[in-house]
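Visitor: Take a look at the following structure, please.
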Amino acid sequence: MTLAQLQELCAGLGFPRFTAKQICDWLYRKRVDSIDAMTNLSLAQRARLNEIAYIGRETPVRCQCSTDGTKKYLFEPGIEAVFIPDDDRATLCVSCQRGCKMGCRFCVTGQQGFHGHLSAGDILNQLFSIPEFDQLTNVVFMGMGEPMDNLDAVLDACSVLTSDWGLGWSPKRITVSTVGIIPGLKRFLDESQCHLAVSLHNAVPQERLLMMPVQKAFPLSEVLALLRKYDWSGQRRLSFEYTMFRGINDDLAHAQKLVDTLNGLDCRVNLIRFHESPEAPYKTSMPSTILAFQNYLNGHGVICTLRASRGQDIDAACGLLAGKN
Ligand code: SF4
């Protein structure tokens, strides 16, 4: 719950207004896992809270470790988060839904269908209940689900992470991804300062439609028109995710189309190696093709990086989360 939600709860219980701040402190600073541990609340207050509330802390039911140090955590029912340690960073990739409605053809999660929204508590639990919580430097909403399709919960979770009554993180430590659900995206851009990553994958509209059904309702051109209304020269960063599929979107004609489409927008492009799975009818691009694509973009004024592939051996890499136990 956010501070405002806790204030409403406390008002309904007849508690003083400042009690909500005390509860935030116990939940988000001290991270207690029981209401009884909130020792500056009176015994009567704790008893009343225990009647109507609980701290939704669920430890993961399973952890798989990759040879590269990546860990995939499974929470019941079917929620996955991926811990990705790096030299000076430790990132947690969190899920915001069980499954996903978007049906991207290359994504195992998308092929599995939609099984429900996560609450802000379910999202935050993925951080709070792993042993590496104190090491985390970054959070990315790039696990299962489409954040703009569950925006209230995502914004509340971001609010807990970035507010002074919560964890007090800089919004620069958080990146939220989307396929480009325009109504949610507009609200996100107006209400949040967290970084944004847009899943682009193909700048040719008819081809993007074949890979990403969302292109029909919310064409990339309209997503970009919206993004151009915002300032990307400051702290908040805009990036585009581009997964490389052999013979589909990885030649220089596609690179040129991408440069033309972005047309000077202040952004960067992250190339992602496709992780093959039996469920998806695509192949991984050749390393030399990826390099040529990257060089083309960098040579034409678009900052382009190749994202390191992590956790592939435990099905924790991009597009492979399926909530399997
Ligand atoms: Fe959903 Fe993202 Fe997979 Fe597309 S890529 S189906 S938006 S989880």
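Visitor: Out of the total accessible area of the chain (probe 1.4 Å, heavy atoms of protein only), what percent is carbon and sulfur?
Guide: Roughly 51 percent of what the probe reaches on the chain is carbon or sulfur.
Visitor: Whole number in Å², please: accessible area per residue of the chain, 1.4 Å probe, ligands, DNA and RNA not counted.
Guide: That works out to 45 Å² per residue.
Visitor: Oh, and also: In bins 10 Å wide, starting from 0, what share of all Cα pairs of region 113-224 does each bin hold, as a percent?
Guide: Going out from 0 Å in 10 Å bins, region 113-224 shows 13, 43, 30, 12, 1 percent.
Visitor: Further question: Out of SER163, SER42, SER309, any idea which swings most in a Gaussian network model of the chain, alpha carbons joined below 10 Å?
Guide: Largest GNM mean-square fluctuation: SER42.
Visitor: Beyond a 29 Å Cα-Cα separation, which of these cross-linked pairs lie in this structure: LYS30/LYS229; LYS30/LYS71; LYS71/LYS101?
Guide: Exceeds cut-off: LYS30/LYS229.
Visitor: Quote the accessible area belonging to ARG268 in square angstrom, nearest 10, computed with a 1.4 Å probe and with ligands, DNA and RNA left uncounted.
Guide: Surface open to solvent at ARG268 totals about 70 Å².
Visitor: Taking N as the number of residues in region 223-300, what is its Cα Rg relative to 2.2 N^0.38 Å?
Guide: 1.21
Visitor: While we're here: Does anyone have the angle between helix 252-262 and the longest principal axis of the chain? Alpha-carbon axes, 0 to 90°, nearest 10?
Guide: Rounded to the nearest ten degrees, it is 50.
Visitor: In a solvent-free Debye calculation with one equal scatterer on each Cα, what is log10 I(q)/I(0) for the chain at q = 0.07, 0.14 Å⁻¹, listed in the order of the q values?
Guide: -0.30, -1.10
Visitor: Let me ask something else about it. Kindly express, to the nearest 10 degrees and within the range 0 to 90, the angle between helix 43-52's C-alpha long axis and the longest C-alpha principal axis of the chain.
Guide: 50
Visitor: Tell me the Kirkwood hydrodynamic radius of region 91-158 in angstroms, computed as one over the mean inverse distance between distinct C-alpha pairs.
Guide: About 12.2 Å, per the Kirkwood formula over Cα pairs.
Visitor: Subtracting the Cα-Cα distance from 0.36 nm times the residue separation, let me have the gained length for ASP266 to TRP232 in nm, one decimal.
Guide: 11.7 nm
Visitor: Shifting gears a bit: How much length, in nm to one decimal, is gained on full extension between GLN206 and SER170, taken as 0.36 nm per residue of separation minus their Cα-Cα distance?
Guide: On the way: separation 36, 0.36 × 36 = 12.96 nm, distance 3.85 nm.
Between GLN206 and SER170, full extension yields an extra 9.1 nm.
Visitor: On to the next question. Compute the angle between helix 3-13 and the longest alpha-carbon principal axis of the chain, please, reported from 0 to 90 degrees and rounded to the nearest 10.
Guide: Once rounded, one gets 30 degrees.
Visitor: Listed highest first by mean packing, meaning other Cβ atoms within 10 Å per residue, what order do 125-132, 14-21, 240-247, 293-300 come in? Don't skip to the end; give the middle numbers.
Guide: Numbers: 125-132: 19.1, 14-21: 14.5, 240-247: 21.2, 293-300: 16.8.
By packing density, highest mean first, the sequence is 240-247, 125-132, 293-300, 14-21.
Visitor: Please work through the chain and write down the cysteines that have no neighbouring cysteine Cβ at a distance under 4.7 Å.
Guide: Lacking a cysteine Cβ partner under 4.7 Å: CYS10, CYS24, CYS63, CYS65, CYS93, CYS96, CYS100, CYS158, CYS194, CYS267, CYS304, CYS318.
Visitor: With a 1.4 Å probe and all protein chains in place, put LYS72, LYS229 in order of accessible area, largest first.
Guide: Accessible-area ranking of LYS72, LYS229, largest first: LYS229, LYS72.
Visitor: Tell me the volume per residue, in Å³, of the convex hull enclosing the alpha carbons of region 3-52. Write down the numbers at each step before the final one.
Guide: Values: hull volume 3.5 nm³, N = 50.
Per-residue hull volume (Cα only) is 71 Å³.
The values are calculated or read from the model by the stated rules, or taken from the named source; none is laboratory data. All figures in this text were calculated on a predicted structure; none of them were measured in a lab. So basically every Cβ, Gly included, is an ideal-geometry build from the backbone, and we count neighbours across all protein chains shown. Note: accessible area is taken over every heavy atom of the protein model, side chains too, but ligands, DNA and RNA are not part of it. Shrake-Rupley method; radii C 1.70, N 1.55, O 1.52, S 1.80 Å.
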